Amino acid sequence: MSCQFQASPGVDAEMLGTLLLAQTGMQPQGTRRIERCYLDTFDHRLAQAGWALDADLQSPYPPVVHLRRLGTEQQDQLHGLTSLPARATDVPRPRLRNQLTKITAGRALLPVSAGEITVRAFDCMDERGKLTARFLIETSSESPASTVLRVQAITGFEPVGQRVIRAARRAGLIKPLREDCGLFWLKKLGRAPARYRPKPIIPLRAEQGSSRALAKLLRAYTQVMQTNEAGIVADLDSEFLHDYRVALRSIRSWLGALKSTIAPDLRARFRAELSALNRATGELRDMDVLGGCLEIYLAACPEVPPAAAAALRHRVQSTREAARAALKTHLLSAEYQSAMQSWGEFLDALGRGKHAGRRGRSPVLNTVCRALRKRRLAILRFDPVVARHDPETLHELRKDCKKLRYLLEGFQRLYAPEALQRAVRELKTLQSAMGDTWDLHVHHELLQRLVQGDSAESPPDPGALQLLTTLGERLGSLERKQVALVDAAFARFRAPRVQRLYARLEENRT
Amino acid sequence: MKVFATYNVKGGVGKTAATVNLAYLASRAGYRCVIWDLDPQGAAGFYFRIEPTATTDPQAFLEKKRGLKAAVHGTNYAGLDLIPADLGHRNLDIALSEFRKPTTRLGKLLSALEDDYDLAFVDCAPHLSLVSENIFEMADWLLVPVIPTPLSVRAYAQLGEFSTAHGLAREKLLPFFSMVDRRRQLHCELITQFAADHPEVLRSFIPYTSQVEKMGEQRAPVQTFAAGSPGARAFYALWQALCERIGLDDGSHLADET
Ligand SMILES: Nc1ncnc2c1ncn2[C@@H]1O[C@H](COP(=O)(O)OP(=O)(O)OP(=O)(O)O)[C@@H](O)[C@H]1O
Ligand SMILES: [Mg+2]
């Protein structure tokens, strides 16, 4: 039985209130005007997992925060909060904290939307004074025509609420709400969060011209970048930049893989602009990731004295801050805006069939198949023996694998789902065997730079040097271990079974 | 889910009063709590205005693995539910004895609620029976109210002996003094002596107060109608002492308590 209802047209809160008061044992509990605020991660992970996190704010009281299953009134109050939680870790109760941490994966909880709502509460009591149901009538002065009735049944006494609802429905006063009351309010207040996918899936037709298809894909991912700009500028969550850069990297990768579909001069120009953008965003991302790992590294080096650790933390923090300020300036600059604008105009023109290169008009499936083959052969050229001594070789393999993955995923609609899934699975196995020692590499270099940056004025701190040495040793041993793993995974990838799978994709036989 | 059982072979020592008030305080601290009223008299349910049921045949009840879920009733307080007493369970002992493992049956039933609650409080009847053995088996801790009288103290000592003889871990026993009248010399002496003999006693006691007595009229936990009264404060202090003993967060950082 549903528990959230919308008043029928022409029915207002007064009428619903009168109906409730006509029931025996109903006691009005007063009216409150609150600011209802909905919290979620920037990519709406809670909503996607079927949860609503809403807070009722009424100054001077602390917020009343509930975690609710969407579409239901089953809720847990998050006790003990004096302000809105900024992250799942701010939730005091371990069970809820764990639940939220799993869903949000460290992302910030942002107020995605808020609006003023008037809540009238009614308690239904039996003759013993036992609460048997609670009714809430919610209205908003911003959207006067909408009224919501919520029924909070008390376990073991559900029939009481059901009786009232049946009567109201028979009288035509209410109808079930088709969506969660939270989303209903957001929509009514004109603040429904936009749907967001960090990796949109783009419908493409095999026979479509390559340049048009590519334009469609690039436009969607450019949109992802733009959606994340505001979050980066406001520094709400490091994940905004993460998603921005994944989209940017995908775009660059496709631009490279399908280069013959675009007029060479324009391709060269945008290629240069996009890699400049990649560099401009790289520093902050590096510092974000380093900042996240620093404590782990320090914990692994207990011999680093506390003062040196604190200095290093400070140094990372201030470098990050500088990178952030620089990126913010860049994203707000007229130069960036106009570059993005001309990129957008270029994509529009490309979508209309202009600026096509040599292969711009051939069917996209053929072009993508050729690119797939090229990427796969590049991976097969990898030499595990060389990689044993040269981490850069391993890193090149990693990059080639990523490029292949972007191709498979970006153009996934061109392929039969099962074949594609199997191909991606094989690739993933190889990718996870390679692990990510690259981060360690980058961090080693970054730390070296930070430590030496300090030494301009004073000699490098022995504690920081100690950290560098330990990190370097760890990196070396991790890499040696990984090459062995990669050997096996690479042999598997090279096996005829997997290669046939890819060959079938490339020839578009399923 | 952690399980507390309020137990004493003696009747009228404040078992139910403790169950009701501690469970209420635990729910205020943010724990999802359920009270299981295992005393067929239904006193715990009475305080929450929930009537006993009189339906199930005990045998069928014990056999239904997920039967307890359906028996749960919400109280007037968020986060606090209750499984009312069942008048049909007066002879639960006999029904229990039919099972191959008669002492673990009730614990099995309660485990169906494992995912729904953080804490369970079991209010027990004043008997030593197969039902109590089930309670010893399923409880993580036994809260034992002791009135400062020689007889009551002796009853606690007997429970201690019983526990040693029956493999009931002594660390499970959490005695505390109940219905204390500090004006009485005897009470004070007994309390001091008991604390010396039984270091496990919780360092907080419940005085005899008219507000706790009034729970019967008000049919509600004492904190809800006499917050700040000596009785309400004593139960809060007991809750804190309990949490400290077993390493539970007592929620005292929450703004609205005491
Ligand atoms: N601290 C107290 N001060 C005053 N009266 C109390 C106190 N604790 C309990 N009482 C009263 O004493 C009576 C018995 O208390 P309670 O029902 O809690 O004991 P019990 O051990 O559960 O009894 P039973 O063995 O019958 O289940 C009740 O009427 C209760 O109101
Ligand atoms: Mg009792």
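Tabulated results
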{"item": "Centre separation in Å (Cα based) which lies between the stretch B:19-86 and the stretch A:333-394", "result": "65"}
{"item": "Heavy-atom accessible area per residue - the stretch A:363-510, 1.4 Å, Å²", "result": "51"}
{"item": "Rg followed by Dmax, in Å, when chain A is reduced to its Cα trace", "result": "28.5, 84"}
{"item": "Pairwise centroid distance, computed over Cα atoms, of the stretch B:164-231 with the stretch A:64-137, Å", "result": "35"}
{"item": "Three principal axis lengths of the stretch A:78-224 [C-alpha, angstrom, descending]", "result": "74, 42, 31"}
{"item": "Rounded to whole Hz, the Karplus (6.51, -1.76, 1.60) HN-Hα couplings of the stretch B:136-151, x for glycine and proline", "result": "4, 5, 8, 7, 7, 9, 9, 8, 10, x, 10, 7, x, 10, x, 5"}
{"item": "Relative contact order [Cα under 8 Å, 6+ residues apart], chain B, whole percent", "result": "24"}
{"item": "Bridge type composition, chain B - antiparallel percent by DSSP, nearest 5", "result": "10"}
{"item": "Per residue Cα convex hull volume in Å³ - calculated over the stretch B:99-142", "result": "73"}
{"item": "Positive-pole candidate from A:I251, A:Q317, A:A263, dipole of the stretch A:236-318, charges at beta carbon", "result": "A:A263"}
{"item": "Protein accessible surface hidden between B and A, which excludes ligands and nucleic acids, total in Å², probe 1.4 Å", "result": "1500"}
{"item": "Whole-Å distance, taken between Cα centres, linking the stretch A:243-312 and the stretch A:179-223", "result": "25"}
{"item": "Relative contact order, percent, the stretch A:4-188 [alpha-carbon distance under 8 Å, six or more residues apart]", "result": "29"}
{"item": "Computed Rg/Rh of the stretch A:363-510, alpha carbon atoms with Kirkwood Rh", "result": "1.13"}
{"item": "Within chain A, helix-based [θ] at 222 nm, where runs of 4 or more DSSP H residues each add -39,500 (n - 2.57), nearest 500", "result": "-19500 deg cm²/dmol"}
{"item": "Cα-based convex hull volume of the stretch A:289-366 per residue, rounded to whole Å³", "result": "161"}
{"item": "Where B:V9, A:V483 fall by accessible area, highest first, once all protein chains stay in place (1.4 Å)", "result": "B:V9, A:V483"}
{"item": "Among beta bridges that DSSP assigns inside the protein assembly as shown, antiparallel share in %, nearest 5", "result": "70"}
{"item": "Cα long-axis angle, helix A:496-506 against chain A (0 to 90 degrees, to the nearest 10)", "result": "70"}
{"item": "Semi-axes of the equivalent ellipsoid for the stretch B:1-74, Cα gyration tensor, largest first, Å", "result": "21, 17, 12"}
{"item": "Per principal axis, descending, Cα span of the stretch A:25-91 in whole Å", "result": "41, 28, 18"}
{"item": "Residue-by-residue Karplus 3J(HN,Hα) for the stretch A:243-253, coefficients 6.51, -1.76, 1.60, Hz, glycine and proline x", "result": "5, 4, 6, 5, 5, 4, 5, 4, 4, 4, 5"}
{"item": "Proportion of all alpha-carbon pairs of the stretch A:4-188 beyond 19 Å (%)", "result": "60"}
{"item": "Carbon + sulfur, % of accessible area of chain B - ligands and nucleic acids excluded, 1.4 Å", "result": "51"}
{"item": "Whole-Hz ³J(HN,Hα) from phi, Karplus 6.51 cos²θ - 1.76 cosθ + 1.60, for the stretch A:351-364, glycine and proline x", "result": "x, 8, x, 7, 6, 6, x, 3, 9, x, 9, 6, x, 4"}
{"item": "log10 of Debye I(q)/I(0), alpha-carbon scatterers only, for the stretch A:210-361 at 0.10, 0.18, 0.21 Å⁻¹", "result": "-0.44, -1.01, -1.25"}
{"item": "Selection from A:L189, B:S229, B:V34, by position along the positive dipole direction of the protein assembly as shown (Cβ)", "result": "A:L189"}
{"item": "Where A:W51, B:W36 fall by accessible area, highest first, once all protein chains stay in place (1.4 Å)", "result": "A:W51, B:W36"}
{"item": "Global form of chain B, assessed from the alpha-carbon gyration tensor, a/c cut-off 1.5", "result": "oblate"}
{"item": "Cα-centre dipole for the stretch A:216-342 with unit charges at Cβ (Lys and Arg positive, Asp and Glu negative), debye to 20", "result": "600"}
{"item": "Rg/Rh ratio calculated on Cα atoms of the stretch B:35-109 (Kirkwood radius)", "result": "0.98"}
{"item": "Distance histogram for the stretch B:141-199 (every C-alpha pair counted, 5 angstrom bins, percent rounded to whole numbers)", "result": "4, 18, 31, 24, 13, 6, 3, 1"}
{"item": "Accessible-area value, A:T470, 1.4 Å probe, nucleic acids and ligands omitted, Å²", "result": "20"}
{"item": "Most positive-pole-ward Cα, B:G167, A:G231, A:P391, against dipole of the protein assembly as shown from beta carbon charges", "result": "A:P391"}
{"item": "Translational diffusion coefficient (Stokes-Einstein; Kirkwood radius from C-alpha pairs) of the stretch A:91-177 at 10 °C, 1.306 mPa s, in µm²/s", "result": "98"}
{"item": "Residue-averaged 222 nm ellipticity for chain B, from DSSP H runs of 4+ at -39500 (n - 2.57), nearest 500", "result": "-12000 deg cm²/dmol"}
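The values are calculated or read from the model by the stated rules, or taken from the named source; none is laboratory data. This is a predicted model, so every value here is computed, not measured. Virtual Cβ from ideal backbone geometry, glycine too; neighbours counted across all protein chains shown. Areas reflect the complete protein model, heavy atoms only, side chains present, ligands, DNA and RNA absent. Shrake-Rupley method; radii C 1.70, N 1.55, O 1.52, S 1.80 Å.
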